[in-house]
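Working notes for the structure below.
The values are calculated or read from the model by the stated rules, or taken from the named source; none is laboratory data. This is a predicted model, so every value here is computed, not measured. When we count neighbours, we look across all protein chains shown, and the Cβ atoms used for this are built from the backbone with ideal geometry, even at glycine.
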Amino acid sequence: MNQLNLNEVYEYAEKHISAFHQKRLEYITTTTELDKILQQKNPYLFRAKNILTAQDLIKGFLDAFLQSQEETLFGEFIEGLAIFVCDKVFSAKKSQLTGIDLEFEKNNCIYIVEIKAGWNWGNASQIKQLKINFENARKILENHTSKKVIAVNGCCFGNKKNKNPEKDGYYKICGQEFWQLVSGSENFYIDIIEPIGHKAKQKNEEFLEAYAAVINKFTLEFSQRFCVDGKIDWKKLIEFNSGKIEKYK
């Protein structure tokens, strides 16, 4: 186990969180098609919420669309941070095993880790696949080592655990416990807050300016296409979103 140099962690986090913000900004500035936004989200939900203005509707559609993109981008950042830190402390490596993000040795055990941003992820099928991935990875490693192989679903925030890790075949650890596992530091989960927030205000102002331009552009286009006498034409919107595609009729 090596001593963790927080200055190196800060440099990595500040550099890569800037990349996250840049990709986020690029995504909103290249989101040029209203049709793509309207076709990928659920108009019934917004009708149930009694959305009355074109701008509120566009904002709802766009926010839902962007959220999934941001979660993916930030998930890549936080996974990379965990691997970087674990490499510095335990000489970890990004795993080549199917479905496994990280491998490292600690206390004469081999840890195989699949990293998730938050604890509340995955449906039954995805959890089943996680277990299969861990089982297959463990078999491969146990053919080449006599060391104990410990499977971990590591979640970057939260404080949940699976109730029966021995039965499930893996440990689920979250938040402080996860960051302590990969860094060796009990306080690391707090230490990373500052570098993650590096230039957040400045970067978010750039994003909000581009975001406002897209909202204004799409609101105008939506009003022209899907509003009648100043009211949202829900029938026309639903037909556009969910009606039969001509070539499949």
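Does residue 19 satisfy the criteria of being assigned to a helix (DSSP H, G or I), within 20 Å of the chain's Cα centre (by Cα) and exposed (fewer than 15 other Cβ atoms within 10 Å of the Cβ)? Yes. Taken over the stretch 105-126, the criterion of being without any contact (Cβ under 8 Å) to a residue 24 or more places away in the chain and either closer than 21 Å to residue 180 by Cα or surrounded by 15 or more Cβ atoms within 10 Å (Cβ to Cβ) (or both) is satisfied by 107 alone. Among the residues of the stretch 22-78, those identified as outside any loop (DSSP other than H, G, I, E, B), basic (Lys, Arg) and under 22 Å from residue 226 (Cα atoms) are 36, 47, 59.
Return yes or no: is residue 87 farther than 28 Å from residue 5 by Cα, of a type in the set (Asp, Glu) and in a helix (DSSP H, G or I)?
Taking the combined requirement at face value, the residue does not satisfy it.
The residue of the stretch 147-196 that is farthest from residue 109 (Cα to Cα), among those that are out of contact with any helix residue (DSSP H, G or I) (no Cβ under 9 Å at 6 or more places or on another chain) and without any contact (Cβ under 8 Å) to a residue 24 or more places away in the chain, is 193.
Scanning the stretch 137-159 for residues that are exposed (fewer than 15 other Cβ atoms within 10 Å of the Cβ) and under 21 Å from residue 118 (Cβ atoms) yields a single hit, 159. Every listed requirement among (1) crowded, with 20+ Cβ neighbours inside 10 Å; (2) farther than 25 Å from residue 192 by Cβ; (3) touching a Leu at 6+ places or on another chain (Cβ under 9 Å) is met by residue 134 save one, (3).
Look at (1) modelled with pLDDT of 90 or more; (2) touching a strand residue (DSSP E or B) at 6+ places or on another chain (Cβ under 6 Å) and you find that residue 35 fails only one, number (2). Taking the criterion of being surrounded by fewer than 20 Cβ atoms within 10 Å (Cβ to Cβ), of a type in the set (D, E, K, R) and without any contact (Cβ under 8 Å) to a residue 60 or more places away in the chain, the residues of the stretch 71-100 that qualify are 71, 76, 87, 93, 94.
Among the residues of this structure, residue 167 does not count as one that is closer than 23 Å to residue 97 by Cα, at pLDDT 90 or above and not hydroxyl-bearing (Ser, Thr, Tyr).
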